[in-house]
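See below for the structure under consideration.
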Ligand code: AMP
């Protein structure tokens, strides 16, 4: 089976009388950071669905001419994250299936963990299933009556199929008349609901999005985050909520790495803006790992809020040490190590006058392979830094994610098998400290909330089939990961 790792952005809008294609374009543009490989949308005019998708950034895939041809009342959209090896048109979403009266479209953020088992149970050859998202679409299509069923057939099919799915999934669906949002029972990936000013005489408008800035950009007001295990159906009668999963499967485990790196800083998760959490991570890092230095700087962009916090708590002046080319994407996604290393130079350039002769505290959110970090440290030294003290606002990243963040194999994760001292040598820094998991959870400040921190602890809340070369640590079925106190 082709491994399609889906770390993506999803969007849905129900707004009769409004220009839903443009709204979806704006929403996807705000979610571009969640996926830069492909983009697409499915639009319904009340009777027919039209799907348009392609490889590339949102602005590459859509232009004014294409958008103006996509008239409709409701739409869903998707941005897909790039991974080496599974980068192909066939993985672009939304996925479409011609089942039921109008057919349906589907967009997925996450990764199922029981794809092979589901394929086998459905009598499909696992080797022929293109991706977990395709399989879900096939199962839903098979659960439709075949075109003669009621208009709400998609809902009925979802009620049948969803309870069998394991793993991480935030979905948006649409058929001719409705938009549906679903969050898995662990709520691994975010999904939120917003209200949109309706067109004159039209029913109320609603928006679903992976992250709240996609609501802001279309002028929707944030209503709430969907709950783990919740399905919402949006049509002309409003929003209906139901729980298609058994109650004993509900166990909130929002991905802790969304707070560390993945989500936008202006996104609201667990009730708080992510930027504040990142600033507090830096503040706690300053108390946990102080150092005598002349300047605190953040690695742009994701290290900057924590650097601000470190500077504030330590009293060491904050300064900018690196300029990031704002037109460049995330270097991490380049398929080869050489490309990634070159990518760093394209992306970051030092501010020599700010750095020369200084002892620096350099704050970043995480170290994954170490490629970016190592090249960046060398760059700072060449620019005249006297000392480089690296402070990371999360614990060592040691385990691959099977729930929707694209991570390398375990043997490529710098911290998987190395001690901190070995990492210090590899990176060429004067000192290195990682924020503790307790401090990370404290910084997020969502008392009682549950997290998945499998990438940091190796404890996977939903059983995963680990490739043998990933490691020898057994994955405990049903084991729990960090829960905030
Ligand atoms: P590296 O130095 O190669 O370990 O890359 C670490 C940098 O990549 C960090 O500064 C993060 O901001 C960023 N990063 C962390 N996780 C991911 C991810 N899953 N996808 C893309 N970039 C990431």
| Pair list, Cβ < 8 Å and 6+ apart or interchain, from the stretch 257-277 residues that are under 14 Å from residue 7 (Cβ atoms) to residues that are more than 15 Å from the ligand (Cβ to nearest atom) and assigned to a strand (DSSP E or B) | 258/269; 263/269
| message | Among the residues in the stretch 149-164, are any without any contact (Cβ under 8 Å) to a residue 24 or more places away in the chain and closer than 27 Å to residue 255 by Cβ? | response | no
| Condition met for residue 343 (crowded, with 19+ Cβ neighbours inside 10 Å and modelled with pLDDT under 90) | yes
| query | Checking residue 332 against (1) within 10 Å of the ligand (Cβ to nearest atom); (2) assigned to a helix (DSSP H, G or I); (3) at pLDDT 90 or above, which test does it fail? | reply | (3)
| query | Can we say residue 360 is more than 9 Å from the ligand (Cβ to nearest atom) and free of Cβ contacts under 8 Å to residues at least 40 places away in the same chain? | reply | no
| Looking at the stretch 379-390, which of its residues are surrounded by fewer than 21 Cβ atoms within 10 Å (Cβ to Cβ) and either closer than 11 Å to residue 322 by Cβ or within 12 Å of the ligand (Cβ to nearest atom) (or both)? | 379, 383
| message | I need every pair where a residue in the stretch 171-191 that is at positive phi and crowded, with 24+ Cβ neighbours inside 10 Å has its Cβ under 6 Å from the Cβ of a residue that is at pLDDT 95 or above and assigned to a loop (DSSP other than H, G, I, E, B), sequence separation at least 6 or different chains. | response | 187/228; 187/252
| Is it true that some residue in the stretch 277-292 is more than 15 Å from residue 391 (Cα to Cα) and in the same structural domain as residue 446 (by TED's automatic domain parsing)? | yes
| Test for residue 87: is it modelled with pLDDT under 95, touching a strand residue (DSSP E or B) at 6+ places or on another chain (Cβ under 9 Å), buried (at least 21 other Cβ atoms within 10 Å of the Cβ) and not in a strand (DSSP E or B) | no
| request: Determine if the stretch 31-39 includes at least one residue that is surrounded by fewer than 14 Cβ atoms within 10 Å (Cβ to Cβ) and under 26 Å from the mean Cα position of the chain (by Cα). | output: no
| message | List the residue pairs whose Cβ atoms are under 8 Å apart, where the first residue sits in the stretch 193-218 and is over 25 Å from residue 255 (Cα atoms), the second is assigned to a helix (DSSP H, G or I), and the two are 6 or more positions apart or on different chains. | response | 196/23; 218/23; 218/26; 218/27
| message | When you check residue 198 against the structure, is it at pLDDT below 95, over 30 Å from residue 131 (Cα atoms) and touching a strand residue (DSSP E or B) at 6+ places or on another chain (Cβ under 6 Å), yes or no? | response | yes
| task | Answer with yes or no whether residue 110 is surrounded by fewer than 17 Cβ atoms within 10 Å (Cβ to Cβ) and in contact (Cβ under 8 Å) with a residue 24 or more places away in the chain. | result | no
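The values are calculated or read from the model by the stated rules, or taken from the named source; none is laboratory data. Source: prediction; values computed, not measured. Because the Cβ atoms are built from the backbone with ideal geometry, glycine has one as well, and the counts that use them run over all protein chains shown.
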